[in-house]
Structures are given as structure tokens and as C-alpha cells.
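The values are calculated or read from the model by the stated rules, or taken from the named source; none is laboratory data. These numbers come from a predicted model, not from an experiment. Cβ placement follows ideal geometry from the backbone for every residue including glycine, while neighbour counts extend to all protein chains displayed. These area figures cover heavy atoms from the full protein model, side chains too; ligands, DNA and RNA do not enter into them. Shrake-Rupley method; radii C 1.70, N 1.55, O 1.52, S 1.80 Å.
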Amino acid sequence: MSSTAMKKKVLLMGKSGSGKTSMRSIIFANYIARDTRRLGATSKNTLKERFDVEHSHVRFLGNLVLNLWDCGGQDTFMENYFTSQRDNIFRNVEVLIYVFDVESRELEKDMHYYQSCLEAILQNSPDAKVFCLVHKMDLVQEDQRDLIFKEREEDLKRLSRPLACTCFRTSIWDETLYKAWSSIVYQLIPNVQQLETNLRNFAQIIEADEVLLFERATFLVISHYQCKEQRDAHRFEKISNIIKQFKLSCSKLAASFQSMEVRNSNFAAFIDVFTSNTYVMVIMSDPSIPSAATLINIRNARKHFEKLERVDGPKHSLHMRMR
């Protein structure tokens, strides 16, 4: 791994059986939900350490590398994290992601372990961002989900003080998992404001209704700009899910997904390789703009956005002339 990479340590924690490894496999290892049933508990000692943590390095947007620590949630492991391995686990953490099984029968113990994590974070990484995923929400009756999540969110935010905690409801069976992880990764991107400024300029120059930027491997939405109001608030995560499943289908046929155009009487949607680490999706509703012009504009913007992906990239905006 390059010595110039910007590494961000991410702790993924929670009780055994809460769903940590399944969600990690879906987001980062291209599993589909039904295939996660064959996954066992995190117990592989990948680095021959005295505690059970699976380490993975995920290169994300060029120089940004997520150093993901998936910590086994069995009681003996959890106690060890807070005692003999406390400094090693909780030092230099950028993000703590704590996963709760919404139907856990040991909620009091779950909360105890979570508070122990927070105490260790305050001592070793006080600037870390904290996220709580209330997981397996598909197991809750639909008419009860809002109420149960709101109650759990209030409890977690109260327990987290003085640290700020952001909560998400998640399930591996719908778009909520992608929404949560997109929001988390978004906060780790070092030049995200500059990226969004240039994406806005690009959208305005080519007269697009909306432009989305996806990370290439995970298809998480990392940036977007919209000129027109859209009706579906969950469209990003739905698109991520659909395209990722389509990519998997292509790979099973020994084919690679590169681009797609979908058109009807109301709009045209273009999904294309953008940079070495991203795909772009452009939504156009102006029927007078031909497909070829939009594809040329995407091609012309690639080099500029390639430069922006570098942490030390240029601090200028996109003002290039489009066709």
C-alpha cells in the first residue's frame, strides 16, 4: 500500500449476531443479502493477535484508505477489548460504528458494552465520530418501526453524551443499509466540499437535472447535486442497490459493467465510468440535448475530476467549456 495513502481507522463493533459481518460483506465484498446467511461469527485470527478482529483495507477514492476493524462481539472478546487491548483497539480511531440488533434480548448488556466503548473512545480518540446502526429493522412490524427507532435513538443519544451520536435504522434487505454507509463514508472524504462545488458546476454547465457520484467498488453515493426537486427521497440508495446487483450479474457472465443509458418520455439517465474510482450518473430532461452531447461532456470532465480525487489535488473549480 502506498505510503502516501490517507488511512482512516474505522471500528465496527457490536454484540455477536448483530449483523456486523453481513453488512460489511454486502457493502465491501459484493455479497447479496441472501448469501450472507452462510457467514459465521467473526472469529478468524487474521493477524495472529490475542483478540478477534478482522482487518481489511478498503481503498476509497484514490488516496483515502479505510482501515476497517471488524471486532468480534462474543463476550470474552468484548471484555478483552476494554481491558488488556484497550489502547490498541481504541487509539487513533476516526469513526466508531456500533451495531445494535433491534430484537436483542440482552439490551441492557448491549448498552453496557456500548458505554464501555464510548469511555474508551473518549480516553483514546476523543475526536472520533460515532454512529449507531439500529439493525435488522425488517424484523419489526412496519407500523411499529418509526416508534421503536425513535425511542432507541433517544436512548442512544442520551447515553452518548458528551459525544455526539448519529443513528440510522438499517436492514440488509432494503436501501437503508446503503444510506447509512454512504452518510458515514461521506464524512471521511477529505475534500468533499470542493468535490461538491465542482459537481454543481458540472451539472449547471451541461444543464442536467441531477448528477450523482458513486464510489466505483461499493457504489455508495459520495456526492450529488440536483437542480430540480425529485420525488423519491430514497432514490440514491435504490440506484446503488440496483446497479450493484446488475454488476454482479455481469460478473457471473464474465462480463464487466461500464455504462448504461435509460430513456423514456420524461428523462434520460446516463451511468458511466467517470474516474478510476468513481461512476457518474447524469439525469437529463431536456429532449433537445442529444445523448452524444451528454456523453462527450462526461468524457471532457473526467480529467478534471481525476485531479480532485487526490488529497493534495488542485484547489480550483470546473469552468471548462462543454459542447
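Can you list the lysines whose alpha carbon sits under 29 Å from that of Lys157, skipping same-chain ones fewer than 8 residues off?
Candidates past the 8-residue exclusion: Lys7, Lys8, Lys9, Lys15, Lys20, Lys109, Lys129, Lys136, Lys179, Lys238.
Once Rh for segment 253-306 is found with the Kirkwood sum over Cα pairs, what is the Stokes-Einstein diffusion coefficient at 4 °C and 1.567 mPa s, in µm²/s?
108
Treating only the Cβ of Lys, Arg, Asp and Glu as charged (+1, +1, -1, -1), what charge dipole size does the chain show about its Cα centre? Round to the nearest 20 debye.
In total the dipole reaches around 1060 debye.
Please find the FRET efficiency linking His234 to Glu142, where r is the Cβ-Cβ separation and R0 is fixed at 25 Å, and quote it to the nearest 0.05.
Rounded to the nearest 0.05, the efficiency is 0.95.
Return one number: the angle in degrees, 0 to 90 and rounded to the nearest 10, between the long axis of the Cα atoms of helix 176-186 and the longest principal axis of the Cα atoms of the chain.
It works out to around 80 degrees.
Between segment 235-250 and segment 275-300, how many Å separate their Cα centres?
Each part's Cα centre sits 19 Å from the other's.
What FRET efficiency, computed as 1/(1 + (r/R0)^6) with R0 = 45 Å and r the Cβ-Cβ distance, is obtained for Arg86 and Ser288, rounded to the nearest 0.05?
With R0 = 45 Å, the Cβ-Cβ based efficiency is 0.10.
Among Thr275, Thr218, Thr197, determine the one that fluctuates most according to a GNM of the chain built with springs between C-alpha atoms less than 10 Å apart.
Taking springs between Cα atoms under 10 Å, the residue moving most is Thr197.
Taking θ = phi - 60°, what integer Hz values does the Karplus form 6.51 cos²θ - 1.76 cosθ + 1.60 yield along segment 205-213, in sequence order, with x for Gly and Pro?
5, 8, 6, 8, 6, 7, 10, 10, 10
Which percent of the accessible heavy-atom area of the chain goes to carbon and sulfur, probe 1.4 angstrom?
47
Under a 1.4 angstrom probe, counting protein chains only, how are Thr36, Thr176 ranked by accessible area, largest first?
Thr176, Thr36
Dipole of segment 136-215, Cα-centred, from +1 at each Lys and Arg C-beta and -1 at each Asp and Glu C-beta, to the nearest 20 debye?
520
For the chain, just the Cα atoms, rotate onto the principal axes and tell me the three extents in Å, largest first.
63, 48, 42
What distance in nm lies between label points placed 7 Å from Cα along the C-beta direction at Leu295 and Lys157?
Taking the simple label geometry, Leu295 and Lys157 are separated by 4.8 nm.
Compute the helix-to-body angle for 107-124: its Cα long axis versus the longest principal axis of the chain, expressed 0 to 90° and rounded to tens.
It works out to around 80 degrees.
With r defined as the distance between the Cβ atoms of Gln123 and Met6 and R0 fixed at 22 Å, what FRET efficiency is calculated, to the nearest 0.05?
So, using R0 = 22 Å, E works out to roughly 0.35.
Based solely on C-alpha atoms, express the radius of gyration and the Dmax of segment 134-289 in angstrom.
Spelled out, the Cα radius of gyration and Dmax of segment 134-289 are 17.9, 56 Å.
Out of Asn191, Leu212, Ser251, whose Cα points farthest toward the positive end of the dipole of segment 175-323 (charges: +1 Lys, Arg; -1 Asp, Glu; placed on Cβ)?
Ser251
Taking the 0 to 90 degree range and rounding to the nearest ten, how far is the long axis of helix 291-309 tilted relative to the main principal axis of the chain, both from C-alpha atoms?
Taking Cα atoms only, the helix is inclined about 50 degrees.
Please give the contour-minus-distance gain from Gln193 to Phe267: 0.36 nm per residue of separation, less the Cα-Cα distance, rounded to one decimal in nm.
23.8 nm
Net charge within 9 Å of Gln74 by Cβ-Cβ distance, Lys/Arg positive one each and Asp/Glu negative one each, not counting Gln74 itself?
Summing Lys and Arg as +1 and Asp and Glu as -1 gives -1.
Which value, in Å² and to the nearest 10, is the accessible area of Glu261 when all protein chains are kept and the probe is 1.4 Å?
Probe radius 1.4 Å; accessible area of Glu261 about 80 Å².
Lysines within cross-link reach of Lys303: Cα-Cα under 22 Å, excluding same-chain residues under 8 positions apart?
Lys315
Using a 10 angstrom cutoff on alpha carbons, build the Gaussian network for the chain and name the most mobile of Leu11, Leu139, Leu156.
Of Leu11, Leu139, Leu156, the Gaussian network model singles out Leu139 as fluctuating most.
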